[in-house]
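The values are calculated or read from the model by the stated rules, or taken from the named source; none is laboratory data. Because the structure is predicted, anything quoted here is derived from the model rather than measured. Here the Cβ is made from the backbone with ideal geometry for all residues, glycine too, and neighbour counts use every protein chain on show. Note: accessible area is taken over every heavy atom of the protein model, side chains too, but ligands, DNA and RNA are not part of it. Shrake-Rupley method; radii C 1.70, N 1.55, O 1.52, S 1.80 Å.
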Amino acid sequence: MSTGSEPLAGFAVAVTAARRHEELATLLERHGARVVLAPAIRLVPLADDAELLEATRACAGGRLDHVVVTTGIGFRAWLEAADGWGMRDALVARLAASGIVARGPKARGAIRSAGLRERWSPESEECAEVIRRLLQEDLAGARVAVQLYGERQPELTGALRAAGAEVIEIPVYRWSRTEDSTPLRRLVGQAVAGTVDAITFTSAPAVAATLAVAAEDGLEEALLEAMRGQVVAGCVGPVTARALTGRGVPTVQPERARLGALVRALVSDLPRRRSRRLSVHGFSLELRGHAVVLDGQLRPIAPAPMAILRALARRPGHVVSRAELCGVLPSRLVAGGTGPRDGWAREVRPREARPQADEHAVEMAVARLRRGLGRPGIVETVVKRGYRLACDPRPADRLRAGAGG
């Protein structure tokens, strides 16, 4: 049995990335997380290269004053395509003579690996900062190439054109919804049900696709509310996080936009937000996302028993009635898989439409909780009243109970 020493052991973390999802999943699992794979988008190279070919000819065959490189993968793909058309050397020469703006560190790395050097790169990786910098130049009659990253950038290209520039858009690739949205829909259900502890996003299109799938199922606001509360939203950087922060969702972001840094940020933040330590019946008990650490041993707990345990832990030592515990039980759960990267999804319906669990369901969940804990005496039955965790109430809790009695 696992000791629970890994910082993310007992937590379920979702990965929505299209690229490098296996790398991110492996990093999370190395820290003990149970990973839920739910790709939100897929990278689609242009089926018809005619538009990219025309744009490349325009860049290689004429003056370039400014070039905006938005992504490393896109810039490399552009140079590879140009090489296939026999235009790489001519293109690189034009780029070298221009003022290159790199939107972020990955773009900078791709530029430098091609033997080029950027003139400037914003600290924030934000397109808005790129626009402000370019608009400081006299753009009347200037030729500006903008490498797109998955979708059109009207706020960037429109501002440049309004300033008098001739803008050449470089459509290297585009993002598209995944062909099978079932895993993503299941993830939305898990987040709303509270059976996933964190969702990671590595691109803005992945955030948009996730919210779109939730909206199609009538769960967009429920998903946002979950991420405002018990579900941690981990974003690789501010550009990725923008759509969530604009909707009031707090996000965990690393200082550097790297997968390893994102995992380290979650390692630091998730246990702090989603764990609780108690001393119960002589045992050290730590509640984590979907498991407990009992005297140093990690013990997975099913969703319904965990809901009971969390309700009891909110008032340790106090009796919680069966009627109150009926209200915390999740609605019908359906299996989402049994593998280490699978999880549970809940049949999510409006709360008023859910049938209230009866007291027998509470008794069954308590019995399963006791079996899962594997130690007697932690959850006590108080006849005709309910259940309690076998620990002394905190002094402040005793005072409140006396004042209310």
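Overview of values
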| read-out | value |
| --- | --- |
| Test for Arg108: is it of a type outside the set (Asp, Glu), open to solvent by 50 Å² or more (accessible area, probe 1.4 Å), part of a helix (DSSP H, G or I) and closer than 28 Å to Ala204 by Cα | yes |
| Residue match in the stretch 365-378 (condition: at pLDDT below 90 and closer than 16 Å to Arg310 by Cα) | no |
| Selection status of Ala361, open to solvent by 20 Å² or more (accessible area, probe 1.4 Å), at pLDDT below 85 and either farther than 21 Å from Val13 by Cβ or of a type in the set (D, E, K, R) (or both) | no |
| Pro122 open to solvent by 30 Å² or more (accessible area, probe 1.4 Å), over 20 Å from Arg76 (Cβ atoms) and either β-branched (Val, Ile, Thr) or under 31 Å from the mean Cα position of the chain (by Cα) (or both) | no |
| Qualifying position, being within 30 Å of Val267 (Cα to Cα) and either of a type outside the set (Ser, Thr, Tyr) or open to solvent by 10 Å² or more (accessible area, probe 1.4 Å) (or both), among Ala50, Ala77, Ala81, Ala33 | Ala33 |
| The stretch 140-175, residues that are part of a helix (DSSP H, G or I) and surrounded by fewer than 20 Cβ atoms within 10 Å (Cβ to Cβ) | Pro154, Glu155, Thr157, Gly158, Arg161, Ala162 |
| Enumeration of residues in the stretch 316-345 that are at pLDDT 90 or above and open to solvent by 20 Å² or more (accessible area, probe 1.4 Å) | His318, Val319, Ser321, Arg322, Ala323, Glu324 |
| From the options Ala191, Ala226, residue that is among the small types (Gly, Ala, Ser) and free of Cβ contacts under 8 Å to residues at least 40 places away in the same chain | Ala226 |
| Condition met for Arg256 (more than 16 Å from Gly374 (Cβ to Cβ), modelled with pLDDT of 95 or more and not aromatic (Phe, Trp, Tyr)) | no |
